[in-house]
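A short write-up of the structure that comes next.
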Amino acid sequence: MKKLLAKAIFTGGLALVVMIAGMSTSCVSTKSNVSFEERIRTRMYQVWDEWKPGYDDWLKWSNTLYAPDATIEAIGSEPQLFKDYQKSMKLYRDSFDMDMGPIETCSVESNVVHITYKMYMTPKGQNSSTTSVIPVTEYNTFKEIPGFEYPMVVHLKLITGEESGAAFVHP
């Protein structure tokens with residue numbers, strides 16, 4: 001039986017465990033060894049990498065990021081409950097192909113992750129070469145929610161339009 005040699009490397013609050021004989025690597029992020037701020041920053045990048053453009057896939061994805069009772073300020077002038085936001089997004093997904101560019105800036109203060117990125121929206125059934133590029137700013141407030149493995153977003157404020165430098169396209 002081979003013995004596995006493991007070495008823990010601590011950088012930036014994360015413990016990287018390298019298994020030499022097994023040739024596997026993993027990033028260990030537990031509540032005990034990483035600050036809440038670092039956990040939510042890491043979580044934001046993780047879910048960003050997992051984002052899916054199709055509506056059904058997006059529904060599944062969004063359920064892993066937003067708390068069931070989250071408040072979303074993204075569509076319209078009034079805040080929405082998460083389930084209502086999901087329904088509102090159906091209209092957008094039916095009208096546009098949507099994609100999100102990489103996170104351009106990310107900062108964390110306490111339990112809020114602030115990110116900027118570009119959203120790409122192409123009308124369906126029309127001239128598909130017309131893609132709107134929309135700068136977006138988000139403020140995601142995270143909280144530990146019992147029953148969930150990761151901290152969840154309990155409040156999202158998404159800003160587009162003049163405040164982010166471009167107008168949001170409505171279906």
>> Take the residues in region 100-138 that are part of a strand (DSSP E or B) and among the small types (Gly, Ala, Ser); name whichever of them is surrounded by the fewest Cβ atoms within 10 Å (Cβ to Cβ).
In response: Ser107
> For region 139-150, what are the residues that are over 12 Å from the mean Cα position of the chain (by Cα) and either surrounded by 23 or more Cβ atoms within 10 Å (Cβ to Cβ) or under 15 Å from Asn63 (Cβ atoms) (or both)?
Replying inline: Ile145, Gly147, Phe148, Glu149, Tyr150
>> Could you list, ordered by first residue, the pairs with Cβ atoms under 6 Å in which the first is in region 38-54 and over 10 Å from Val108 (Cα atoms) and modelled with pLDDT of 95 or more and the second is loosely packed, with under 14 Cβ neighbours inside 10 Å and of a type in the set (Gly, Ala, Ser), at least 6 apart or interchain?
In response: none
>> I need every pair where a residue in region 65-85 that is under 12 Å from His155 (Cβ atoms) has its Cβ under 7 Å from the Cβ of a residue that is part of a helix (DSSP H, G or I) and among the small types (Gly, Ala, Ser), sequence separation at least 6 or different chains.
In response: Gln80/Ser88
>> So in region 64-83, with the set limited to residues that are surrounded by 14 or more Cβ atoms within 10 Å (Cβ to Cβ) and not aliphatic (A, V, I, L, M), which one is farthest from Thr160 (Cα to Cα)?
In response: Thr64
>> Quick check on this structure: which one of Val112, Val133 is out of contact with any helix residue (DSSP H, G or I) (no Cβ under 8 Å at 6 or more places or on another chain) and modelled with pLDDT of 95 or more?
In response: Val112
>> Suppose we filter Ser95, Ser35, Ser129, Ser107 for residues that are small (Gly, Ala, Ser) and within 19 Å of Ile159 (Cβ to Cβ); which single one remains?
In response: Ser107
> On the given criteria, is Ile72 in contact with a His (Cβ under 9 Å, 6 or more places away or on another chain) and at pLDDT 95 or above?
Replying inline: yes
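The values are calculated or read from the model by the stated rules, or taken from the named source; none is laboratory data. Just so we're clear, the structure is a prediction, and the values are computed from it rather than from any experiment. As a convention, Cβ positions derive from the backbone with ideal geometry for all residues, glycine included, and neighbour counts pool all protein chains shown.
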